[in-house]
Amino acid sequence: MTLYDLIIARVKDDAGKLDDPADYNNAITAALARYSKGKPRVLVRDLPGTDGHDLALPVEWSPDFSEVRSLEYPIGNVPADILQPGCWALYQSPSSTVIRLVDLSPAATESVRCTFSVLHTEATLPATDIEPVADIAAAICLLQLAAAYGNSMDSTIQADSVDHQSKTDQYRRLATELRRKGLA
(Lines give C-alpha, C1' and ligand atoms only; values in the text may rest on other atoms or scores of the structure.)
Protein backbone atom coordinates (compact mmCIF):
# COMPACT_ATOMS: atom_id res chain seq x y z
CA MET A 1 0.00 0.00 0.00
CA THR A 2 1.16 3.52 -0.73
CA LEU A 3 1.23 6.32 1.85
CA TYR A 4 -1.69 7.87 -0.03
CA ASP A 5 -3.77 4.70 0.40
CA LEU A 6 -2.83 4.39 4.08
CA ILE A 7 -3.89 7.98 4.74
CA ILE A 8 -7.21 7.59 2.93
CA ALA A 9 -7.92 4.51 5.07
CA ARG A 10 -7.09 6.38 8.29
CA VAL A 11 -8.94 9.62 7.52
CA LYS A 12 -12.16 8.17 6.05
CA ASP A 13 -13.45 11.52 4.79
CA ASP A 14 -16.96 10.32 3.91
CA ALA A 15 -18.21 13.90 3.56
CA GLY A 16 -15.67 14.63 0.82
CA LYS A 17 -14.26 17.76 2.46
CA LEU A 18 -10.76 16.74 1.32
CA ASP A 19 -11.69 16.10 -2.30
CA ASP A 20 -8.48 17.38 -3.86
CA PRO A 21 -5.63 14.81 -4.02
CA ALA A 22 -3.25 17.72 -3.32
CA ASP A 23 -4.67 17.85 0.24
CA TYR A 24 -3.32 14.35 0.84
CA ASN A 25 -0.11 14.85 -1.15
CA ASN A 26 0.72 18.02 0.79
CA ALA A 27 0.18 16.12 4.04
CA ILE A 28 2.54 13.39 2.81
CA THR A 29 5.18 15.98 1.95
CA ALA A 30 4.84 17.61 5.38
CA ALA A 31 4.97 14.24 7.17
CA LEU A 32 8.09 13.19 5.25
CA ALA A 33 9.76 16.50 6.12
CA ARG A 34 8.90 16.08 9.81
CA TYR A 35 10.15 12.49 9.78
CA SER A 36 13.35 13.51 7.97
CA LYS A 37 14.20 16.06 10.66
CA GLY A 38 14.48 13.25 13.20
CA LYS A 39 15.83 10.56 10.87
CA PRO A 40 17.40 12.19 7.83
CA ARG A 41 18.54 10.14 4.87
CA VAL A 42 22.34 10.26 4.69
CA LEU A 43 24.10 10.10 1.33
CA VAL A 44 27.77 9.96 0.37
CA ARG A 45 28.98 11.49 -2.89
CA ASP A 46 32.46 12.11 -4.29
CA LEU A 47 32.65 15.72 -5.47
CA PRO A 48 35.13 16.41 -8.27
CA GLY A 49 37.90 18.89 -7.60
CA THR A 50 38.04 22.07 -9.64
CA ASP A 51 41.67 23.20 -9.29
CA GLY A 52 40.14 25.85 -7.02
CA HIS A 53 38.63 26.28 -3.57
CA ASP A 54 34.97 25.80 -4.54
CA LEU A 55 33.11 22.50 -4.95
CA ALA A 56 29.64 22.15 -6.42
CA LEU A 57 27.02 20.83 -4.03
CA PRO A 58 25.75 17.30 -4.72
CA VAL A 59 22.76 17.18 -7.09
CA GLU A 60 20.54 15.70 -4.35
CA TRP A 61 21.18 18.68 -2.04
CA SER A 62 18.01 20.22 -0.57
CA PRO A 63 18.68 23.95 0.00
CA ASP A 64 16.42 24.35 3.03
CA PHE A 65 17.21 20.99 4.60
CA SER A 66 20.55 19.39 3.74
CA GLU A 67 23.61 19.63 5.96
CA VAL A 68 27.17 18.52 5.35
CA ARG A 69 28.00 15.81 7.88
CA SER A 70 31.64 15.41 6.86
CA LEU A 71 34.16 16.06 4.11
CA GLU A 72 37.03 13.64 3.50
CA TYR A 73 40.15 14.72 1.61
CA PRO A 74 42.20 13.08 0.36
CA ILE A 75 39.96 10.05 -0.04
CA GLY A 76 41.09 6.60 0.98
CA ASN A 77 43.53 7.19 3.82
CA VAL A 78 43.32 5.00 6.93
CA PRO A 79 42.28 6.52 9.20
CA ALA A 80 40.16 8.83 7.03
CA ASP A 81 41.27 12.46 6.72
CA ILE A 82 38.12 14.31 7.76
CA LEU A 83 38.27 18.06 7.26
CA GLN A 84 37.44 20.08 10.35
CA PRO A 85 34.42 22.46 10.06
CA GLY A 86 36.75 25.50 10.17
CA CYS A 87 38.51 24.25 7.01
CA TRP A 88 35.41 24.64 4.86
CA ALA A 89 32.11 26.52 4.72
CA LEU A 90 29.02 26.82 2.59
CA TYR A 91 29.57 29.91 0.48
CA GLN A 92 26.63 31.71 -1.06
CA SER A 93 26.95 33.95 -4.08
CA PRO A 94 24.12 35.67 -5.95
CA SER A 95 24.00 32.75 -8.40
CA SER A 96 24.72 29.65 -6.31
CA THR A 97 25.87 28.01 -3.12
CA VAL A 98 29.09 25.98 -3.07
CA ILE A 99 31.34 24.26 -0.56
CA ARG A 100 34.36 26.53 -0.15
CA LEU A 101 37.57 24.94 1.07
CA VAL A 102 39.66 27.46 2.99
CA ASP A 103 43.23 26.22 2.46
CA LEU A 104 42.78 23.46 -0.11
CA SER A 105 42.38 23.38 -3.89
CA PRO A 106 41.77 19.78 -5.02
CA ALA A 107 42.91 19.14 -8.57
CA ALA A 108 40.35 18.30 -11.24
CA THR A 109 41.69 14.72 -11.09
CA GLU A 110 40.91 14.46 -7.34
CA SER A 111 37.66 14.21 -5.40
CA VAL A 112 36.38 15.21 -1.99
CA ARG A 113 34.04 12.72 -0.31
CA CYS A 114 30.96 14.50 1.04
CA THR A 115 28.57 12.92 3.54
CA PHE A 116 25.33 14.90 3.81
CA SER A 117 21.68 14.69 4.80
CA VAL A 118 18.64 14.87 2.51
CA LEU A 119 14.90 14.53 2.86
CA HIS A 120 13.31 11.10 2.66
CA THR A 121 10.85 10.23 -0.07
CA GLU A 122 8.21 7.54 0.16
CA ALA A 123 10.58 5.22 -1.72
CA THR A 124 13.42 5.70 0.79
CA LEU A 125 11.41 5.16 3.97
CA PRO A 126 12.42 2.07 5.93
CA ALA A 127 9.53 -0.42 5.93
CA THR A 128 9.27 -0.11 9.71
CA ASP A 129 8.57 3.62 9.45
CA ILE A 130 5.88 3.70 6.75
CA GLU A 131 3.00 3.32 9.23
CA PRO A 132 4.23 6.09 11.60
CA VAL A 133 4.70 8.49 8.66
CA ALA A 134 1.19 7.62 7.45
CA ASP A 135 -0.09 8.40 10.97
CA ILE A 136 1.56 11.82 10.92
CA ALA A 137 0.18 12.61 7.45
CA ALA A 138 -3.30 11.42 8.45
CA ALA A 139 -3.12 13.64 11.54
CA ILE A 140 -2.39 16.62 9.28
CA CYS A 141 -5.42 15.74 7.13
CA LEU A 142 -7.62 15.35 10.20
CA LEU A 143 -6.61 18.81 11.37
CA GLN A 144 -7.62 20.11 7.94
CA LEU A 145 -11.01 18.43 8.40
CA ALA A 146 -11.35 19.93 11.88
CA ALA A 147 -10.67 23.35 10.39
CA ALA A 148 -13.14 22.75 7.57
CA TYR A 149 -15.91 21.83 10.01
CA GLY A 150 -14.95 24.63 12.37
CA ASN A 151 -15.32 27.17 9.56
CA SER A 152 -18.54 25.83 8.08
CA MET A 153 -21.98 27.11 8.92
CA ASP A 154 -25.09 25.06 8.32
CA SER A 155 -28.03 27.25 7.33
CA THR A 156 -30.64 24.49 7.16
CA ILE A 157 -33.24 24.00 9.86
CA GLN A 158 -31.89 23.05 13.25
CA ALA A 159 -33.21 19.47 13.26
CA ASP A 160 -31.22 18.67 10.12
CA SER A 161 -28.07 20.53 11.08
CA VAL A 162 -24.79 18.81 11.80
CA ASP A 163 -23.09 19.47 15.11
CA HIS A 164 -19.96 21.03 13.60
CA GLN A 165 -18.34 21.70 16.97
CA SER A 166 -18.47 18.02 17.89
CA LYS A 167 -17.07 17.04 14.46
CA THR A 168 -14.28 19.60 14.88
CA ASP A 169 -13.42 18.23 18.33
CA GLN A 170 -13.62 14.65 17.09
CA TYR A 171 -11.16 15.31 14.25
CA ARG A 172 -8.81 17.21 16.55
CA ARG A 173 -8.78 14.33 19.05
CA LEU A 174 -8.13 11.80 16.29
CA ALA A 175 -5.33 13.98 14.90
CA THR A 176 -3.71 14.23 18.35
CA GLU A 177 -3.95 10.46 18.81
CA LEU A 178 -2.39 9.74 15.41
CA ARG A 179 0.32 12.35 15.92
CA ARG A 180 1.31 10.72 19.23
CA LYS A 181 1.22 7.29 17.64
CA GLY A 182 3.29 8.46 14.65
CA LEU A 183 5.96 10.09 16.79
CA ALA A 184 6.22 7.24 19.30
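Starting from region 18-46, keep only residues that are closer than 23 Å to VAL59 by Cβ, then list their pairs with residues that are modelled with pLDDT of 95 or more and open to solvent by 80 Å² or more (accessible area, probe 1.4 Å) whose Cβ atoms are within a distance under 7 Å, requiring at least 6 positions of separation or different chains.
VAL42/ARG69
Of everything in region 59-78, what is surrounded by fewer than 18 Cβ atoms within 10 Å (Cβ to Cβ) and assigned to a loop (DSSP other than H, G, I, E, B)? Give them in sequence order.
Matches in region 59-78: VAL59, GLU60, SER62, PRO63, ASP64, PHE65, GLU67, PRO74, ILE75, GLY76, ASN77, VAL78.
Would you call VAL59 modelled with pLDDT of 95 or more, β-branched (Val, Ile, Thr), under 25 Å from the mean Cα position of the chain (by Cα) and over 30 Å from CYS141 (Cβ atoms)? Walk me through how you get there before you give the answer.
Numbers: modelled with pLDDT of 95 or more: yes; β-branched (Val, Ile, Thr): yes; under 25 Å from the mean Cα position of the chain (by Cα): yes; over 30 Å from CYS141 (Cβ atoms): yes.
Taking the combined requirement at face value, the residue satisfies it.
Scan region 95-114 and report the pairs whose first residue is among the charged types (D, E, K, R) and whose second residue is open to solvent by 60 Å² or more (accessible area, probe 1.4 Å), with Cβ atoms within less than 7 Å and a gap of 6+ or a chain change.
Partner pairs satisfying both residue conditions: ARG100/HIS53; ARG100/TYR91; ARG113/VAL44; ARG113/ASP46.
Filter region 5-41 for residues that are among the hydrophobic types (A, V, I, L, M, F, W, C) and more than 13 Å from the chain's Cα centre (by Cα); which is surrounded by the fewest Cβ atoms within 10 Å (Cβ to Cβ)?
Checking each candidate, the answer is ALA22.
Condition test on VAL133, is it touching a Phe, Trp or Tyr at 6+ places or on another chain (Cβ under 9 Å), farther than 30 Å from ILE99 by Cβ and at pLDDT 95 or above?
yes
The values are calculated or read from the model by the stated rules, or taken from the named source; none is laboratory data. Everything numeric in this text was worked out from a predicted model, so none of it was measured. Every residue, glycine as well, gets a Cβ built from its backbone with ideal geometry; the counts of neighbours run over all protein chains shown. Keep in mind that these areas ignore ligands, DNA and RNA; they rest on the heavy atoms of the full protein, side chains included. Shrake-Rupley method; radii C 1.70, N 1.55, O 1.52, S 1.80 Å.
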